[in-house]
Structures are given as C-alpha cells and as structure tokens.
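S.K.: The structure follows.
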Amino acid sequence: MSKRPWGYQPLPERPDPTWPLHSQTHAVRAGLARSGFGETSEALYLNSGFTYASAEQAAQSFGDEIDHFVYGRFANPTIAMFEERLAAIEGAEFCVGTGSGMSAIFASIACMVKSGDHIVAAAAMFSSCYVILTEILPKWGVTVEMVDGSNAEQWAAALSKPTKVVFIESPSNPMLEIVDIRMVSDLAHKVGATVIVDNVMASPILQKPLALGADVVMYSATKHIDGQGRVLAGAILGSNSYLQEHLSQFVRHTGPSLSPFNAWVLLKSLETMSMRVEQMSNSAQKVAEFLESRSEIKTVLYPGLKSHPGYEVAQKQMTAGGTTMGLEFAGGQAAAFKFMNALRVIDISNNLGDSKSLITHPASSTHRRIPPEVRAEMGITDGILRLSVGLEHSSDLLKDLEQAF
Ligand SMILES: *Cc1c(COP(=O)(O)O)cnc(C)c1O
C-alpha cells in the first residue's frame, strides 16, 4: 500500500491556559479534541462501534482498565466533546447527552426512584412531564404530589414528608411561572431529596440552577441550545456522585443515546448560544412591553415585566427575562386564533427558543394532553398564546404584531 498523503500525525501538546476562562471561551473551546489531521472545527465521528489493536486491549476496554471508546450507546468522541462543552458552560461536573429533552427528564428521575418513593413537583410543567409524573411513574408505585410552585407554604408542607425527588420547571412553559430555586432546594435538602430543574426556558445563559442549590439540571437541547430548528436532543448535568450512583448505569443500559450527528450540530450551536439568547431576550423585553400596552391583551406573562408575580424572584435568579412569553387575549380562543392567522413574519409553530419567532396556542397543541380542569388550574385558558421571540429585527416583530391587531 502506498504511503498516505494526508499527514496524519499525533498533535503536539498545547499547554492549557493557567487562568480561568470565561463561559463564552468555553462555548467555543471546551471539549475540543482534535484528531491527528489537525482539523480546525470539531470532527464528526459518525460511527457506532470502535476497533481494538488486540484482544487484550478489547478486554481491558470492557473492563474499564484503560480509556478506550467501546460502543456508541455508552460514548462517542463527538458526543463527548458536546457533553464536555455544555458541562463547562453550565459549571457542572458532568453532562450526559440524550436523544431528546423528554428522555433527559425521564432518565434523570427514573434512575433515582423505586416503588414506594415520593416525588414533589411544581404543578406548572410541560405536558409530557405531566404524563410521566401522573401516569407512567405512579403505575410503578411512585407517588407524586403537585404544589403551586410560587407558594412557599405549599412547598414547606409538601417537603415536611420524606421525599426522593423534587422536580421544578422555572420559568414554566407556557405560563412563565417562577419557582424560587434556592428556597425549594434548601427545604428539599432537609428531607434528603434530590432537586432536578428543567432549565429549558431560561437556557444555561440566563440561569444557573446548580449555583442556586439544585442538584441536577436538564435541557431539551432542541430549544435554545440548537436554537435553529434542526435537531432533537437533550442533556442532563450534575455532580459526579449522582452520575456514578444513579444515572450512569441507567442510561448505559436503557439507551436514550444522542446521535453523534446531532451532537456535532449542537457543538456548533453552543458557540453562538449566548449571542442568540441575549439578543432574543433583549427583543422579547421590548415585545413584552409593547404587548402590555395593548387593550386586546388581558395579561402579558413575562418574567422581565414588573407586573409579573415572579418578577422579584426572577431578578434574583435570572440575568434577563428570557425569550418567551405568554399572552392572554381578552377575547378568548377566537381572538387568539384570529391574531395568529393575521401574522405575516412570526410563524405558527410549537417550538420555542428558535432563531425564528414562533407563536403557539398551548391549549390546543403542546398542552392538550393535560386534562381541561388541570389546565384551568394552571391558568392555561383558551385565550393564552405563547410567543417565542427570535433573531429577526425587533422593529419588524413589533410591526408584525401591531398589524395583526
Ligand atoms: C420542549 C420541552 C421539553 C421536551 O423536550 P423535547 O426535546 O421536545 O423532548 C421539556 N421541557 C420543556 C420546558 C420544554 O419546553
């Protein structure tokens, strides 16, 4: 065989910086593991398996005696780069990438509970989370108590009993309810519970639940992390002890694995995430203030508005109001549908955190799996719309909203 012309050779070692790096530098550099080809951008290792130099090396790899990739369900170089980068941004000891946000939520809770265990959750949650907590886990003997996430007395009463897991979504989708993560974490830890936060709506840019006392954070990376409507993915982040005692075994053997291709897309998304989320959040603040001035809208639910019941707590735990808001139309579903149909730039779509501005009617789409009486309790009336503000120029969005009225 002729000599390979490509110049594959081990890369010279570069000294690591001796100073602490900013989060945005991690977003571009963390986890980068270049191959001997010296490629600039992260390589896509689109392979399920790995080979070994000898039978002995294979045996040692399976025995965890040496570091060697074994199988795509456990680990893959491109996925590992994504996990390391997101962990560095979040300030977490580990990250496990998953195939969707829902597989991240399910694995993060299911790896911890057994029959007879008790979960306490803030009632305002995404509808698939509601199905996991009220239908799937109870079938296996796990009990679940829902509390009003903004009510400190309800948390204190619920967390006076032995509890295994506390599950919080803050801000919540689509009502943007705020839970005081530090207050709930302090109560939960007194009864030995593990606090899991669905941080999808805030993104790692606007809120750091681990720094507020939570134990585990999970994401639908489909939302702000990709943020460009391309891939479905999720992530779980937390401490090494949670990984080793609970999560690692569960995900290795149940297989909610992320695709290497999707991880590669997400690696590039992480590089621009802070710019996207900050820009979108700035525009969302302007849009929320404009909508609050309109008589057609009964309430604008946005954590960056002083009128929001969770404003004070949001100021403490988030760096901005976020990209997404709820709007309640005085004229109910008919008025909400008429408004959606009149928009010319903003799309009707059920995603959020996207570079394109998107509007949804939760009661008939994303949250229709929640029974109507429970939806009413959550405040998700038929007049509620969820608006996710994208990267278009904010003046064009304001113009679109104004003409739709
Ligand atoms: C979308 C979403 C999820 C589910 O994520 P998928 O990637 O669609 O599985 C979970 N929680 C919240 C708050 C979400 O918005």
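The values are calculated or read from the model by the stated rules, or taken from the named source; none is laboratory data. The shown structure was predicted, so the numbers you read here are calculated from the model rather than taken from an experiment. Note that each Cβ is placed from the backbone with ideal geometry, even for glycine, and that neighbours are counted across all protein chains shown.
S.K.: Might you check whether a residue that is within 16 Å of the ligand (Cβ to nearest atom) and among the aromatic types (Phe, Trp, Tyr) occurs anywhere in region 45-63? So that I can check it myself, show each step before the final result.
M.R.: Here is the first cut: in region 45-63, the ones within 16 Å of the ligand (Cβ to nearest atom) are none.
No, region 45-63 contains no residue that is within 16 Å of the ligand (Cβ to nearest atom) and among the aromatic types (Phe, Trp, Tyr).
Here's the yes/no breakdown for (1) under 18 Å from Phe261 (Cβ atoms); (2) in a loop (DSSP other than H, G, I, E, B):
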position: Gln24; (1), (2): no, no
position: Phe37; (1), (2): no, yes
position: Glu56; (1), (2): no, no
position: Arg85; (1), (2): yes, no
position: Ser103; (1), (2): yes, no
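S.K.: Tell me, which residue of region 340-382 that is surrounded by 21 or more Cβ atoms within 10 Å (Cβ to Cβ) and assigned to a helix (DSSP H, G or I) is farthest from the ligand (Cβ to nearest atom)?
M.R.: Selected residue: Ala363.
S.K.: Just to be sure before I move on: is Ser115 within 16 Å of the ligand (Cβ to nearest atom) and touching a residue at least 24 places away in the same chain (Cβ under 8 Å) in the structure I sent?
M.R.: So Ser115 does not fit the description; no.
S.K.: Moving on to the next point. Is there any pair with a first residue in region 120-137 that is within 13 Å of the ligand (Cβ to nearest atom) and a second that is among the polar types (S, T, N, Q) and in a strand (DSSP E or B) whose Cβ atoms are under 9 Å apart and which are 6 or more apart or on different chains, and what are they?
M.R.: Matching pairs, first to second residue: Phe126/Ser220.
S.K.: For region 176-193, which residues satisfy the criterion of being surrounded by fewer than 16 Cβ atoms within 10 Å (Cβ to Cβ) and assigned to a loop (DSSP other than H, G, I, E, B)?
M.R.: Gly192
S.K.: Report whether or not Ala80 is touching a residue at least 12 places away in the same chain (Cβ under 8 Å), in the same structural domain as Ser160 (by TED's automatic domain parsing) and buried (at least 19 other Cβ atoms within 10 Å of the Cβ).
M.R.: no
S.K.: Right, next: Would you call Gly101 touching a residue at least 24 places away in the same chain (Cβ under 8 Å), surrounded by fewer than 20 Cβ atoms within 10 Å (Cβ to Cβ) and either in the same structural domain as Leu266 (by TED's automatic domain parsing) or within 16 Å of the ligand (Cβ to nearest atom) (or both)?
M.R.: no
S.K.: Filter region 198-230 down to residues that are touching a Ser or Thr at 6+ places or on another chain (Cβ under 7 Å) and of a type in the set (A, V, I, L, M), then give me how many there are.
M.R.: Matching residues across region 198-230 total 9.
S.K.: Restricting the search to region 383-405, which residues are more than 21 Å from Glu278 (Cα to Cα) and within 16 Å of the ligand (Cβ to nearest atom)?
M.R.: Within region 383-405, Ile384, Leu385 meet the criteria.
S.K.: With Val217, Val287 as the choices, which residue is crowded, with 21+ Cβ neighbours inside 10 Å and part of a helix (DSSP H, G or I)?
M.R.: Within the list Val217, Val287, the selection yields Val287.
S.K.: Follow-up question, since we're still on this one. Quick check on my filter: what residues within region 190-239 are farther than 20 Å from Gly310 by Cα, within 11 Å of the ligand (Cβ to nearest atom) and within 11 Å of the chain's Cα centre (by Cα)?
M.R.: Passing the criteria: Met218, Tyr219, Ser220, Ala221, Thr222, Lys223, His224, Ile225, Asp226, Ala233, Gly234, Ala235.
S.K.: Taking into account only those residues within region 1-60 that are of a type in the set (D, E, K, R) and exposed (fewer than 13 other Cβ atoms within 10 Å of the Cβ), which is farthest from the chain's Cα centre (by Cα)? Full working, then the answer.
M.R.: Our first condition is that a residue be of a type in the set (D, E, K, R); within region 1-60, this holds for 3-4, 13-14, 16, 29, 34, 39, 42, 56.
Then drop every residue that is not exposed (fewer than 13 other Cβ atoms within 10 Å of the Cβ), which leaves 3-4, 13-14, 16, 39, 56.
On the way: Lys3: 47, Arg4: 44, Glu13: 34, Arg14: 33, Asp16: 30, Glu39: 30, Glu56: 41 Å.
My answer is Lys3.
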